[in-house]
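Have a look at the structure below before the remarks.
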Amino acid sequence: MSRQAQRRTYPRTIRRLQVRYWSARDDKARTGFTKNLSVTGAFITTPDPPGRGDRLHLELADEGRRVRVYAEVVHSYRVPPEFRRFTEAAMGVRFLDLEDLIGPFLPIGKAEPLIPLVAEPEPEVQEEPDPGEGGAAGGLEGGPDPETAPSPAPPVAPAKVYRHLFETAHAFLLAYRRDLLNGGLFISTSRPARLQERVAVDLRLPGADGGTLRIEGRVVQVVEPREMGGGRTLGAMGIEILDLDRTLAELAPLVASYERS
């Protein structure tokens, strides 16, 4: 079953359930609440979410009903202390199926999954059609002639570009370990973009040779600007990095250099 079909079959439901979970790395119980839920996964608010890829033993409870499942963190949204009174830290998890749990023990290949569960689907970016194409141009039915239709236009670059300055190597490494490695970035800005909007962020790296690295992402959290005193407003947004592998590969030599210094 395709992800698009699963989105139709397993819709998300807004539901607040109490959650307790234990990481595979330790046996300390942590708590949270679901914000939305489907049979493939959940979005959970929790003060200190584990990192992307961590596996959890998760317990959901509501009015005497209780169920335990295994899950994997697919998104981790951590919030700096100064913004925790405005927005909540959270994580997106997918529930693991038998293939995930038993597959590594099988000698050859993978087991056929009994239930086709996958990670929570990522929101799709809707690109605006080119007004110069389509309509009455070509084709017997008024659509484009497949023999003469132009190739699809490349994706449109994000309309909004933000700059994020790391003044010290320590500040950069902290954000790298806490946020970037987990697939996101949390930045303060007086003009945050809208939820699900695609944006670009120019990371100004510390040091004379640090340079600038542009990343593209999708806005998944917004803290609306508020008066902070002295006529100053401050807001923030959490960004999910769209091409995480490329970003981490480009940052790897810089991280190694900062860690040596």
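Numbers for the structure displayed
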{"quantity": "Looking only at the range 226-255, and only at residues there that are small (Gly, Ala, Ser) and within 28 Å of residue 91 (Cα to Cα), the one that is surrounded by the most Cβ atoms within 10 Å (Cβ to Cβ)", "calculated": "238"}
{"quantity": "When residues of the range 175-191 are limited to those that are part of a helix (DSSP H, G or I) and of a type outside the set (A, V, I, L, M), the one surrounded by the most Cβ atoms within 10 Å (Cβ to Cβ)", "calculated": "182"}
{"quantity": "Residue pairs meeting the criteria (Cβ under 6 Å; at least 6 apart or on separate chains; first without any contact (Cβ under 8 Å) to a residue 24 or more places away in the chain, in the range 55-74; second assigned to a strand (DSSP E or B) and buried (at least 18 other Cβ atoms within 10 Å of the Cβ))", "calculated": "67/60"}
{"quantity": "Residue match in the range 206-228 (condition: touching a Lys or Arg at 6+ places or on another chain (Cβ under 6 Å) and free of Cβ contacts under 8 Å to residues at least 12 places away in the same chain)", "calculated": "yes"}
{"quantity": "Hits in the range 213-261 (condition: among the charged types (D, E, K, R), within 18 Å of residue 195 (Cβ to Cβ) and modelled with pLDDT under 85)", "calculated": "224, 226"}
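The values are calculated or read from the model by the stated rules, or taken from the named source; none is laboratory data. Remember, predicted model here, so these are calculated numbers, not experimental data. Methodologically, a virtual Cβ is constructed for each residue, glycine included, from the backbone with ideal geometry; neighbour enumeration extends over all protein chains shown.
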